[in-house]
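Engineer: Have a look at this one.
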Amino acid sequence: MSKLKLGMVGGGQGAFIGSVHRIASRIDDHYELVAGSLASNPEVAHSSAKELGIAEDRSYSTYLEMAEKESNIENGIDVVAIVTPNHLHYPIAEAFIMKGIHVICDKPLTHNLEDAEKFFECVKNSSALFALTHNYTGYPMVRQAREMCHNGSIGKLRVIQVEYAQDWLTLPIENEGQKQASWRTDPSKAGMGGSIGDIGSHAFNLVDFITGAKLTELCADISSFVEGRKNDDNAHVLLRYENGVKGMLWSSQVAPGNENALKIRIYGDKGGLEWEQENPNYLRVDIFGEAKKIIRRAGNETIDVAGRVTRIPPGHPEGYLEGFANIYSDFAKQIIAFKKNQKIEDELLLVPSIEDGLKGVKFISKVVESGLGGSKWLKF
Ligand SMILES: NC(=O)c1ccc[n+]([C@@H]2O[C@H](COP(=O)([O-])OP(=O)(O)OC[C@H]3O[C@@H](n4cnc5c(N)ncnc54)[C@H](O)[C@@H]3O)[C@@H](O)[C@H]2O)c1
């Protein structure tokens, strides 16, 4: 398989997630980074491109110039990764989609619902393929949990508890110019969802991915504990799903001692499942009345869906980068099938989609609406 030509917007010097995308794109050798508009500041963009070995004539000062030129040259990029702050995801994606270039975009889809709806239409009315990097869906033990929920291993679903807690915004570091904190606490760039948009969106997506439960109503209590902060840094959300399933979601970026504590517990009438992102190679399974069980990644009880996204033997940890790479690899296979006019296999469609993106932004916006409106129950 020849490598797909990848471009990137954002991810220049000093940025966080761009380098994770670059590593993920290389793990299975499906992509080659050949072009970029890597920063808002053209000087930084060009010096970042030079450092990464991108040819001078394929380092662009603006994403519009990049979309225009890359779509008009022989061997232009097949796909672009968008790793900028949230408010730019849609305009950037639109510029490339209009040129028929496939898009990998980081979460949340957009900073507001209006853009998310336009983004959805834009993808649906194009032939471009789209992937959203809700990367936790790429972990083998998350895939295993999904399968066990769907095949009835824990019985009829009853209760969902999910949380994503961090502590890095405990102090007002945005006032000291911390790059990642500055835009995340600015509603015009991040959106009105603070913690709920940044990490609550991952937690919501994880529940959706694993259980498939349909959210019908929610009630949120959101707070900005740090004085002067305009969007939430903590959110508690009660969730009602179809068929009487009840859930709770907690997102916080002001919980000292928590780094990336994404944790999910799911209970049915036969048993429960528990998974933690910081110890991702293990899935705890409790069948009521039986001894507790830990399923290990690549162990005897790992099922095929988890096995196909596993690289190395058990005991050697796999985690964030490999999970991200699983999304990248499955999306590469989607693009290859598309190019060859072949059917895209179902297993590749576990990659988070534009539908997931729109649902996520709708969730964020309903949480904010409920939270700011006196914690009323709202239909989803
Ligand atoms: N999936 C995950 O686990 C995960 C983790 C972190 C961040 N994210 C998401 O990734 C995105 C970026 O987050 P980050 O923490 O890397 O932010 P960051 O501030 O570290 O990096 C943003 C980059 O975008 C660039 N940029 C801004 N405007 C631009 C423009 N007009 N043209 C080109 N580049 C431009 C900046 O110069 C910078 O290089 C956000 O949407 C965030 O929610 C996802």
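The values are calculated or read from the model by the stated rules, or taken from the named source; none is laboratory data. All of these numbers come straight from a predicted model, not from anything done at the bench. Heads up, the Cβs are rebuilt from the backbone with ideal geometry, glycines too, and the neighbour counts pull from every protein chain shown.
Engineer: Is it fair to say G10 is under 23 Å from H87 (Cβ atoms) and within 7 Å of the ligand (Cβ to nearest atom)?
Structural biologist: So G10 fits the description; yes.
Engineer: With the checklist (1) in contact with an Asp or Glu (Cβ under 9 Å, 6 or more places away or on another chain); (2) free of Cβ contacts under 8 Å to residues at least 24 places away in the same chain; (3) within 9 Å of the ligand (Cβ to nearest atom) in hand, flag the one item K69 doesn't pass.
Structural biologist: (3) is the only condition that K69 fails.
Engineer: While we're looking at this one, here's another question. Output the strands (runs of 3 or more DSSP E) that fall wholly within the stretch 244-293 and possess 1 or more residues being farther than 27 Å from D198 by Cβ and in contact (Cβ under 8 Å) with a residue 40 or more places away in the chain, or say none.
Structural biologist: Those strands (runs of 3 or more DSSP E) span 261-268, 271-276, 282-287.
Engineer: Please pick out the residue among A15, A45, A39, A24 that is within 19 Å of F331 (Cα to Cα), within 11 Å of the ligand (Cβ to nearest atom) and at pLDDT 95 or above.
Structural biologist: Criteria check complete, one pass: A24.
Engineer: Out of everything in the stretch 189-206 that is hydrophobic (A, V, I, L, M, F, W, C) and more than 10 Å from the ligand (Cβ to nearest atom), what residue ends up being nearest to N234 (Cα to Cα)?
Structural biologist: I196
Engineer: Output the number of the condition that I173 fails; it satisfies all remaining conditions of (1) β-branched (V, I, T); (2) more than 22 Å from G323 (Cα to Cα); (3) touching a residue at least 40 places away in the same chain (Cβ under 8 Å).
Structural biologist: For I173, the failing item is (3).
Engineer: Tell me the residue from G18, G7, G11 that is touching a residue at least 60 places away in the same chain (Cβ under 8 Å), buried (at least 19 other Cβ atoms within 10 Å of the Cβ) and on the phi > 0 side of the Ramachandran plot, please.
Structural biologist: G11
Engineer: Looking at N151, N234, which is the one that is of a type in the set (S, T, N, Q), in contact (Cβ under 8 Å) with a residue 24 or more places away in the chain and more than 16 Å from K107 (Cα to Cα)?
Structural biologist: N234
Engineer: Sticking with this one: Only residues that are of a type in the set (K, R) and in contact with a Gly (Cβ under 8 Å, 6 or more places away or on another chain): list them for the stretch 1-53, please.
Structural biologist: Matches in the stretch 1-53: K5, R22.
Engineer: Continuing with this model, one more query. Read through the list (1) among the aliphatic types (A, V, I, L, M); (2) in the same structural domain as I287 (by TED's automatic domain parsing); (3) under 23 Å from D232 (Cβ atoms), then give the number of the only condition that L113 fails.
Structural biologist: All conditions pass for L113, except number (2).
Engineer: Of the numbered conditions (1) buried (at least 22 other Cβ atoms within 10 Å of the Cβ); (2) out of contact with any Gly (no Cβ under 8 Å at 6 or more places or on another chain); (3) over 27 Å from N300 (Cβ atoms), R143 satisfies every one except a single condition; which is it?
Structural biologist: In the conditions (1) buried (at least 22 other Cβ atoms within 10 Å of the Cβ); (2) out of contact with any Gly (no Cβ under 8 Å at 6 or more places or on another chain); (3) over 27 Å from N300 (Cβ atoms), R143 misses (3) alone.
Engineer: Tally up the residues in the stretch 169-182 that are buried (at least 17 other Cβ atoms within 10 Å of the Cβ) and hydrophobic (A, V, I, L, M, F, W, C), please.
Structural biologist: 2
Engineer: Can you find a residue in the stretch 63-80 that is crowded, with 16+ Cβ neighbours inside 10 Å, within 20 Å of the chain's Cα centre (by Cα) and not assigned by TED's automatic domain parsing to the domain that holds V367?
Structural biologist: Yes; the residues of the stretch 63-80 include at least one that is crowded, with 16+ Cβ neighbours inside 10 Å, within 20 Å of the chain's Cα centre (by Cα) and not assigned by TED's automatic domain parsing to the domain that holds V367.
Engineer: Take the residues in the stretch 48-62 that are within 12 Å of the ligand (Cβ to nearest atom), outside any helix (DSSP H, G or I) and not β-branched (V, I, T); name whichever of them is surrounded by the fewest Cβ atoms within 10 Å (Cβ to Cβ).
Structural biologist: This residue is S61.
Engineer: Could you check, for the stretch 224-240, whether at least one of its residues is of a type in the set (S, T, Y), part of a loop (DSSP other than H, G, I, E, B) and more than 21 Å from the chain's Cα centre (by Cα)?
Structural biologist: Yes, the stretch 224-240 contains a residue that is of a type in the set (S, T, Y), part of a loop (DSSP other than H, G, I, E, B) and more than 21 Å from the chain's Cα centre (by Cα).
Engineer: Another question, if that's okay. Looking at the stretch 28-49, can you tell me whether even one residue there is of a type in the set (D, E, K, R) and more than 30 Å from F338 (Cα to Cα)?
Structural biologist: For the stretch 28-49, residues of a type in the set (D, E, K, R) and more than 30 Å from F338 (Cα to Cα): present.
Engineer: Every residue in the stretch 27-36 that is within 20 Å of the chain's Cα centre (by Cα) and either more than 20 Å from E70 (Cα to Cα) or within 10 Å of the ligand (Cβ to nearest atom) (or both), please.
Structural biologist: I27, D28
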